[in-house]
Amino acid sequence: MRMSTLVRVQPKGQMTIPRKVRSAVGLADGDLVEVRAVGKRIVIIPQSAIGRSKLPDADDEYTPAQRRLLSARLDKAERGPFYGPFKNGAEVAAFLGEKFRGTARPAKSRRLG
């Protein structure tokens, strides 16, 4: 099947591959394509399967132990406690003043200049 359409090259060399063309060749968001100059033609070759396997995913970025720790912290955060809503900054300041009353405060930093 041969499909053809005109697209405009933008000032930075960008162009949009029309949805029908992407669908026809199976391109999805995040897929890689190889771009070649063949004589006076530009050839774009989808690298869908290769592109997805080379890009990192969550399994590559975190160890199982790190993933368990992150999940536990997210579960704890979702359970709360939740504070607010606050109407303005003054309410937030008052809440924080009450919550942290009696705790050590950091030393004031000196202004340079």
For Val92 and Val43 in one chain, what is 0.36 nm times their gap in residues minus the Cα-Cα distance, to one decimal in nm?
11.9 nm
Starting at the first residue of region 83-90, write each ³J(HN,Hα) from the Karplus equation 6.51 cos²θ - 1.76 cosθ + 1.60 with θ = phi - 60°, in whole Hz, x for Gly and Pro.
10, x, x, 9, 7, 7, x, 5
What residues qualify as long-range amide H neighbours of Val33, i.e. H under 5 Å apart, gap of 5 or more or another chain, H built at 1.01 Å from N?
Gln47
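Just so you know, all these numbers are worked out from the coordinates, no wet-lab data involved. Because the structure is predicted, anything quoted here is derived from the model rather than measured.
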